[in-house]
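Readers should treat all values here as calculations from the given coordinates under stated rules, not as data from a laboratory. Please read these numbers as outputs of a predicted model, since none were measured by experiment. Quick reminder, even Gly has a Cβ in these numbers, built from the backbone with ideal geometry, and neighbours come from all protein chains shown.
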Amino acid sequence: MSQLVNQGKETLATIEKELNRSKPDLPQAWKLLNDLKILLTKLPGLQNKADSSSKEEFLLARSTFEAACFLSILETDMESFERHFMQLKPFYLDFSNLLSPSSKESLLVGLNLMRLLSQNRIAEFHSELELLQKSMKEDPYVSFAIRLEQCLTEGSYAKLLSLSKSSPNEYFHYFTQVLSNTVQSDIADCLETAYKYLSFEDAMEMLSIGSVDEFIKFAQDRGWSLEKQQIVFHKTGETENPSLNTDQILSLIEQNIAYAKELERIV
Amino acid sequence: MATAVPMDQNNLNGTLADATKDTMELDTTLTGLRKNLALLEVAVLTKELRLISRVFRQFTRIRKHLSEQLLVLVIKEQLQNRSSSAAAMMIHQLLKFLPESISHIDENGHAMEVDARMDEKQHKKSTGESADSLLPEVVAFLYLLVSVRLLDQGKKEEALECTTNLVTYLKGFNRRTLDEISARAYYFWSLAHERLGKLRNIREALLAAHATAVLRHDYAGQAMLLNLLLRNYIQYGLYDQADKLVSRTKFPATRSNNQLARYFYYLGRIRCIQLDYTDAMRCLLQALRKAPQNIALGFRIQAQKFAVLVQLLTGEVPERKTFLQPGMAKALAPYLQLARGVKNGDLSYFQQVVEQFYSVFERDGTASLVTRLRQNVIKAGLKRLTVAYSRISIEDVRKALNLETARDAEFIVAKAIRDGVIDAIIYHKEGYVESRESTYLYTTMEPQHSFHERIRFCLDIHNETVRAMRFPESDKKDLETLEERRERLKEEQELAHTLVEEDEEDDDIL
């Protein structure tokens, strides 16, 4: 079996070399990785209960999935990253007393947190956070994600955007990019409700959009009306009279029927 | 020394009095214990599960007065008049956990034993001779008593061994009368593991046991094991798994209130990690309501801590009297200060409190919730500002809230407006925030929502009470005489016989 492990290690080394190159050949790397994954299924230690003899095999499997995570980011495939990280998780959690800690663990955990954040899955973000030890939370990669989350919930968007520019690792770029898009639309939502009018320059600065053309396109996408170098937001709340909308009416009907049913049961 | 004599005498009297008091206590506990064991046997023979729960209602009281001497006495007593069997062997093993068993025959013990024998004759008469062999229920009950004693004394390793023996022993049975007992066996088994920090090792075993309990319709076991599993997951921060477990299992409808309270507490903790604060609040309040009101102070304090935090996170400030409940004031003091910080929207005071008590929050497992409170403090501060001023400059907002840059302050205000926390308009060029007239609340859906909450609560209570009621057996059965009953049982037995025979015939044909 050790032969298989050695073979796997060689393939892994090639993949990692590919990863470290400035312009990795992704299709080739994926192909190698798939081969490696098939090889993993043949290892006996991974199928049965964990004991110390299968340690080598575990380490190989862990490194494989770590490489898969990095590859997914280079490929900008969020779903693939999520899937591979899920496979990686048991190695970090359940086998933590069996294996020596991985040097890439904190980076990947940080990246995963960033993924949840950029997908706006805050509830899962917090359950992930509960899994981490205190020392892990102080790690630069992880604490970066935590700080961003705090800014996001607080509403300090300016701080968030400036923070996300100083990402601690190049792999973070992909996620900060997605995140800043999310934040941009968040800010736009805020502008719509909080302002009556706003000059072009100010709005551009707030949304951190560089060129006027880009901005006009953005404004048109959102259906803002532009007048004399100013955006005027139509207050939806003011024009609408406080009568009930369909949703509310439906929920009212539902509630009343439920009361009738319960009352009938009592009497 | 002359003065010492009367004092000594006093002392002597004192100790004598103490000793008699002790024996008195021992006596009452012993009779209580015997009564319970007898009750247990009756319960098993009549298959009346209610009697078993009655036995367990006295469990805590007995637990307080347990001693090795007492346990040895009871165990020997159970062994004496029973034929030697596998069950007796099991009990014999118990004695090795009790160091007193070797040297227990002092004068006191001797006297007690005579007593015991006298009692035993009566006891035998009362239960009849039918209970010749030891019932597994009795064995398990004795094991539970010993385990509790070991745990209370802090003998963790022995307790672990003892409970493990018990759990393996119980796996061999499938009797509904054992349900309550085995549920408790699992509880102490898990507790022993927890004290030793080995909780992770038994997760699979608990899951398997839960599956078995579900298949056997063992409701007591289901409830207990579900709670143990949730506790296990939460201990290791595995909220994801805990949530999945909850969504795929059903808490049994017939259960003790205490288990329900624990279930709601764990559920509340899961929900507040997932930021579902309204549901978390509902669960935690239920937990507090269902928990026993006079005892279980530790549980109530812990649940109250979470309830306070969740309430703060939803933007409400708990009433002051929550913090002043008897026995809780000291434990809740840090939370009171937190609440004060949130209420006043004073960020610097809040941060000071957090720093001061961070270790406390960490120990309580509430630290992550506390860090989430920061934005609530800001929101509360903003609310106060907009209520107090009809127009305020962004720069002043920044100063008042202790924020870093004016730009961020503006964004925070904008977000608060969008989230509906405050009702205001920002004028960017002029650099101020103008709050709008507050809307007339009764034109909105708000009153309807509050009414709905209350109506639903009342209906829930009504439904719960209806469900909790116990109805007397129908009159028809009461009228059935002993003869008739025997007749009926006989018929049923015959029917079962013929069915079995038919089955066998069927097998032959096949």
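With a bin width of 5 angstrom, please list the P(r) values of segment B:386-445 as percents of all Cα-Cα pairs, from the 0 bin to the one holding the largest distance.
It works out to 4, 19, 29, 26, 11, 6, 5, 1, in whole percents.
Take peptide A:185-198, look around each residue's Cβ out to 10 angstrom, count Cβ atoms belonging to other protein chains, and average those counts.
5
For segment A:126-206, restrict the atom set to alpha-carbon positions and state the Rg and Dmax in Å.
Taking only Cα atoms of segment A:126-206, I get Rg and Dmax of 15.0, 47 Å.
Note the full-extension length gain between A:F95 and A:M78 as 0.36 nm times their separation in residues minus their Cα-Cα distance, in nm to one decimal.
That pair, A:F95 and A:M78, stretches by 3.6 nm at full extension.
I want to make sure I understand the PRE zone here: with the label point 7 angstrom from the Cα of B:T443 toward its beta carbon, which residues in segment B:372-403 have backbone N atoms less than 19 Å away?
Under cut-off, by backbone N: nothing.
Averaged over B:413-421, how many beta carbons belonging to a partner chain fall within 10 Å of each residue's beta carbon?
5
Of A:S251, A:S166, A:S225, which has the largest mean-square fluctuation in a 10 Å C-alpha GNM of chain A?
Comparing A:S251, A:S166, A:S225 in a Gaussian network model of chain A, the most mobile one is A:S251.
Any idea what log10 I(q)/I(0) is at q = 0.10, 0.15, 0.20 Å⁻¹ for segment B:334-442, Debye with uniform C-alpha scatterers and no solvent?
-0.32, -0.66, -0.99
Per residue of segment B:457-468, in order, report the coupling 6.51 cos²θ - 1.76 cosθ + 1.60 (Karplus, θ = phi - 60°) as ³J(HN,Hα) in whole Hz, putting x for Gly and Pro.
Per-residue couplings from phi come out as 4, 4, 4, 4, 4, 4, 5, 4, 5, 4, 5, 7 Hz.
What number results when the radius of gyration of segment B:302-352, computed over Cα atoms, is divided by 2.2 N^0.38 Å?
1.07
Radius of gyration and Dmax for segment B:159-306's Cα atoms, expressed in Å?
Every Cα atom of segment B:159-306 included, Rg and Dmax give 15.0, 44 Å.
Once you have all Cα-Cα distances for segment A:28-132, histogram them in 5 Å bins from zero and send the whole-percent values.
Reading the bins upward from 0: 2, 11, 22, 23, 19, 13, 8, 2, 0.
Along its principal axes, what span do the Cα atoms of chain A show, with the longest given first and each in whole Å?
If we take the Cα atoms of chain A, the spans are 76, 69, 35 Å.
May I ask you to evaluate 6.51 cos²θ - 1.76 cosθ + 1.60, the Karplus curve with θ = phi - 60°, for each residue of segment B:411-428 and list the ³J(HN,Hα) values in order in whole Hz, giving x for glycine and proline?
The phi angles translate into 4, 5, 4, 4, 5, 4, 5, 5, 6, x, 6, 10, 10, 7, 10, 9, 10, 5 Hz.
Determine, from the Cβ-Cβ distance of A:K228 and B:S450 and an R0 of 60 Å, the FRET efficiency 1/(1 + (r/R0)^6), rounded to the nearest 0.05.
0.85
Which residues' amide hydrogens lie under 5 Å from the amide hydrogen of B:I422, considering only partners 5 or more residues apart or on another chain, with H built in the peptide plane?
Placed amide hydrogens put B:I417 under 5 Å from B:I422.
Shielding by partners for B:403-410, please: the mean number of other protein chain Cβ atoms within 10 Å of each residue's Cβ.
5
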